[in-house]
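Worksheet: the structure to be examined is printed underneath.
Taken together, the values in this text are just the output of simple stated rules run on the coordinates, not laboratory data. Since the structure is predicted, the reported quantities are computational estimates derived from the model, not experimental observations. We place every Cβ from the backbone using ideal geometry, glycine too, and count neighbours over all the protein chains shown.
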Amino acid sequence: MRYLIISDIHANLPALEAVLSHAQDQGYDAVLCLGDVVGYGPYPNECTEWVRENAQVCLAGNHDWAVIGKMDVEDFNPTAAQATLWTRRELKPENRAYLEERPSVIVEEGYTLTHGSLRDPVWEYITDIWIAQQSFELLTTPLLFHGHTHIPVVFREREGGLPEILLPRGEGTFVLDGSRFLINPGSVGQPRDGDPRASYLIYDDAKLAWEYFRVDYPIPQTQEAIRQAGLPESLAQRLSFGQ
Ligand code: ZN
């Protein structure tokens, strides 16, 4: 089985479409979405509708929760809060209902899925080896796929020591070697590792390997839609820099 694993789409439809067309050429059987379908970007309904119809599962992200009122916008910076309030007004009831039903953790036979860490699945960022270690302690499967930081990163568990951190750059394949891993596919709609291209991965459970991909998409199209929607200009600018 080949899983297309995507996270942090953030209502960026051109980025999502570019990822899907690229992933189609690689081949996949199922879509797993790690949350933050909406927030920041100008296409919340289009992106939620695609996920509703095509993803086998989708986790709850903090921006999804903020948009449906499950989390306070006061926890956000002013730009994110403004985008959240705009998205609340735009989101159709059926898409809102879909986001309301999203689980915060899914445990399958070979892997676990969350948006953030296992200690605090919707909110905590796995940004360093100490937080990664705490998630390994709670993990009951060989793999955890998580998003939230918008940075493609892999943590490998080590016997009797802190986890090792691996930073995939561009494209690359990782093979399971008997260790356990925390794996972040990066962000489709708002990458933050200095590379503006959309990021995703494909996990192949027959080959016991996963592969990272980066894909160009028409950034000016999303930027223009952000301006048309009256969303903050900084949300358009940052897409050019992958920040
Ligand atoms: Zn996010």
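Here is how the numbers come out for the structure above:
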{"read-out": "Cut-off 17 Å (backbone N to label point 7 Å along Cα→Cβ of D75), residues of the stretch 175-204", "value": "none"}
{"read-out": "Per-peptide average of other Cβ atoms within 10 Å, ordering 34-43, 81-90 highest first", "value": "34-43, 81-90"}
{"read-out": "Cleavage-rule hits, chymotrypsin sites (Phe, Trp or Tyr not before Pro), the stretch 195-230, DSSP coil, Cβ neighbours within 10 Å at most 12", "value": "none"}
{"read-out": "Cβ-based exposure ranking for M71, M1, in which fewest neighbours within 10 Å come first", "value": "M1, M71"}
{"read-out": "Protection proxy ranking of 156-162, 122-128 - average other beta-carbon atoms within 10 Å, highest first", "value": "122-128, 156-162"}
{"read-out": "Degrees, to the nearest 10: 129-138 long Cα axis against longest axis of the chain", "value": "70"}
{"read-out": "Sorted by Cβ neighbour density within 10 Å, fewest at the top, the residues W50, W65", "value": "W50, W65"}
{"read-out": "Acute angle (nearest 10 degrees) that the helix 13-26 long axis makes with the longest principal axis of the chain, alpha-carbon atoms", "value": "40"}
{"read-out": "Tilt relative to the chain, helix 44-54 - C-alpha long axis, 0 to 90 degrees, to 10", "value": "40"}
{"read-out": "Spacing of the two label points (7 Å from each Cα toward its C-beta) at E108 and L208, in nm", "value": "1.8"}
{"read-out": "About the Cα centre, charge dipole magnitude for the chain (Lys/Arg +1, Asp/Glu -1 at Cβ), debye", "value": "340"}
{"read-out": "Per-residue Cβ neighbour rank within 10 angstrom, fewest leading, S7, S234, S104, S135", "value": "S234, S104, S135, S7"}
{"read-out": "Spread of Cα-to-Cα distances over 5 Å intervals beginning at zero, given as percent, for the chain", "value": "1, 7, 16, 20, 21, 17, 11, 6, 2, 0, 0"}
{"read-out": "Relative contact order for the chain, counting Cα pairs under 8 Å that sit 6 or more residues apart, in percent", "value": "23"}
